[in-house]
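Okay, here's the structure, questions in a sec.
The values are calculated or read from the model by the stated rules, or taken from the named source; none is laboratory data. Everything quoted here is computed from the prediction, not taken from an experiment. Here Cβ is always computed from backbone atoms with ideal geometry, including for glycine, and neighbour counts include all displayed protein chains.
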Amino acid sequence: MSTQSGIIADQALLNSLHENLSTEGVVVVIAKISPDSTSVHQLDVTHNLDQLVHLASQNKEPLYIFYKPQDVAKYFFVSFIPDGSPVRSRMLYASTKNTLARQIGSNSLSTEQPLITDVKELADLKELDSDRTVAQNKPLTEDEKMQIEINKQQTLLRKTVNNNSVKLVSQDSSSPLSLTFRVDSERPINEIFSNDGKNLIIFQIEPSNETIQIVQSETCPSVDALRIDLSGPSYTIFKHDGLNFFIYSCPSGSKVKDRMIYASNKNGFINYLKNDQKITFSKILEIGDFIELDKSSLSAKDNEDDLDRSSTPDQSNSGSLRFNKPRGPMRKRRT
């Protein structure tokens, strides 16, 4: 699995791709990574491959190209990485592509995603048309099938939400991954903490009615008494010594589909808790089985120690880290 850069598409690009998907005729959406390497934004939209070639020739830098042929309802996601591009640019565009593809969704993208290094080859995109059924129907892996199914559920949920004029919790967050499940709680979560004296709340996702539900809320007397004994993945909020901790647990043996659903909704749920419920977290932890949890990290003392260590100035140079020059191999002593 390739390393992800953390760079995401801005909303304007996602809106443009969605709107142009239903446009008749050829559509070419051109995008690039912003100069500060924080987002992917739209550079231009054209309906002519000659204009694409002209633009790519002038820029002489990597681009993302979304090409929709006539009478085709999907984009071919093309990575244009010209020969001679800086190594850093190559790495950024390669490590951002998977994140960008997940944001857009497999329902909008062809399974064929060409890599082009010569600007002259961009003119050959016209050969990607509706007759290329072999590429469109090549066998998918189990993970790809799962992702397609999740995207279908997300699309259906968005339509339902829009029709009922109800907002998804992720629509108020800047999370790169959408939260597709509503939080099902009769009372505000922060009220459960403040009024009921509870300091442990465990959530699980219920796919049948597309909600995140509270499955356990109790008073946990100490860190040593903390237990998460659920068989599947879960989200846990634990309050101790006036600090809130978020624990994402995904035990071994969890189904692939559950792993994908929980992983793709984690950031959106955290942002919902922060923005809507005003719950701030001292630490966000990810574990597999519960036995992997380092309980020493769930304490105010540990948090203060981390702060002290991070704020301790270097006596000789507070602006940079110092590295001791390694010693070379010892020479044999002559006798």
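Pairs, please: C-beta under 7 Å, at least 6 apart or cross-chain, first residue under 19 Å from ASP50 (Cβ atoms) and in region 106-126, second polar (S, T, N, Q) and surrounded by fewer than 19 Cβ atoms within 10 Å (Cβ to Cβ)?
So the pair list comes out as VAL119/SER57.
For region 20-31, state whether one or more residues are out of contact with any helix residue (DSSP H, G or I) (no Cβ under 9 Å at 6 or more places or on another chain) and not in a loop (DSSP other than H, G, I, E, B).
First, pick out the residues of region 20-31 that are out of contact with any helix residue (DSSP H, G or I) (no Cβ under 9 Å at 6 or more places or on another chain): 20-25.
Then keep just the ones that are not in a loop (DSSP other than H, G, I, E, B); that gives 20.
Yes, some residue in region 20-31 is out of contact with any helix residue (DSSP H, G or I) (no Cβ under 9 Å at 6 or more places or on another chain) and not in a loop (DSSP other than H, G, I, E, B).
Mind listing whichever residues of region 47-66 are surrounded by 14 or more Cβ atoms within 10 Å (Cβ to Cβ) and closer than 22 Å to GLU112 by Cα?
Hits for region 47-66 are HIS47, LEU49, LEU52, VAL53, ALA56, PRO62, LEU63, TYR64, ILE65, PHE66.
Looking at region 218-241, can you tell me whether even one residue there is among the acidic types (Asp, Glu), on the phi > 0 side of the Ramachandran plot and out of contact with any strand residue (DSSP E or B) (no Cβ under 8 Å at 6 or more places or on another chain)?
As a first pass, look at region 218-241 and keep what is among the acidic types (Asp, Glu): 218, 224, 229, 241.
Pick out the ones that are also on the phi > 0 side of the Ramachandran plot and you get 241.
Right, trim to out of contact with any strand residue (DSSP E or B) (no Cβ under 8 Å at 6 or more places or on another chain) and you get 241.
Yes, region 218-241 contains at least one residue that is among the acidic types (Asp, Glu), on the phi > 0 side of the Ramachandran plot and out of contact with any strand residue (DSSP E or B) (no Cβ under 8 Å at 6 or more places or on another chain).
Being free of Cβ contacts under 8 Å to residues at least 24 places away in the same chain and either of a type in the set (Val, Ile, Thr) or part of a strand (DSSP E or B) (or both) is the filter here; which residues of region 207-237 pass it?
If the condition is that a residue be free of Cβ contacts under 8 Å to residues at least 24 places away in the same chain and either of a type in the set (Val, Ile, Thr) or part of a strand (DSSP E or B) (or both), then VAL215, GLN216, GLU218, THR219 are the ones that fit.
Do any residues in region 180-195 that are in the same structural domain as GLN277 (by TED's automatic domain parsing) have Cβ atoms under 7 Å from those of residues that are at pLDDT 80 or above and exposed (fewer than 13 other Cβ atoms within 10 Å of the Cβ), where the two are at least six apart or on different chains, and which pairs are they?
Pairs that qualify, where the first residue is in the same structural domain as GLN277 (by TED's automatic domain parsing) and the partner is at pLDDT 80 or above and exposed (fewer than 13 other Cβ atoms within 10 Å of the Cβ), are ASN190/LYS278.
Find all pairs meeting these conditions: Cβ atoms under 7 angstrom apart; at least six residues apart or on different chains; first residue within region 272-291 and within 16 Å of SER185 (Cα to Cα); second residue in a loop (DSSP other than H, G, I, E, B) and hydrophobic (A, V, I, L, M, F, W, C).
Cβ pairs passing all conditions: TYR272/LEU179; LEU273/ILE279.
Hey, among the residues in region 72-100 that are part of a loop (DSSP other than H, G, I, E, B) and under 18 Å from THR111 (Cβ atoms), which one's modelled with the highest pLDDT?
Initial filter on region 72-100 (part of a loop (DSSP other than H, G, I, E, B)): 72-74, 81-86.
Subsequent filtering for residues that are under 18 Å from THR111 (Cβ atoms) retains 72-74.
Details: VAL72: 84, ALA73: 84, LYS74: 89.
Of everything passing the filter in region 72-100, LYS74 is modelled with the highest pLDDT.
Can I ask one more? If you check SER175 against the conditions, is it modelled with pLDDT under 50 and either closer than 25 Å to VAL223 by Cα or surrounded by 18 or more Cβ atoms within 10 Å (Cβ to Cβ) (or both)? Lay out the reasoning, then the answer.
Working: modelled with pLDDT under 50: yes; either closer than 25 Å to VAL223 by Cα or surrounded by 18 or more Cβ atoms within 10 Å (Cβ to Cβ) (or both): yes.
The answer is yes for SER175.
Moving on to the next point. Identify the residue in region 190-209 that is over 19 Å from ASP276 (Cα atoms) and among the acidic types (Asp, Glu) and, among all such residues, is modelled with the lowest pLDDT.
ASP196
With respect to LYS68, determine if the residue is more than 18 Å from the chain's Cα centre (by Cα) and closer than 26 Å to ASN107 by Cβ. Give the derivation first.
On the way: more than 18 Å from the chain's Cα centre (by Cα): yes; closer than 26 Å to ASN107 by Cβ: yes.
So LYS68 passes the test.
From (1) under 17 Å from PHE77 (Cα atoms); (2) assigned to a helix (DSSP H, G or I), pick out the condition that doesn't hold for LEU55.
(1)
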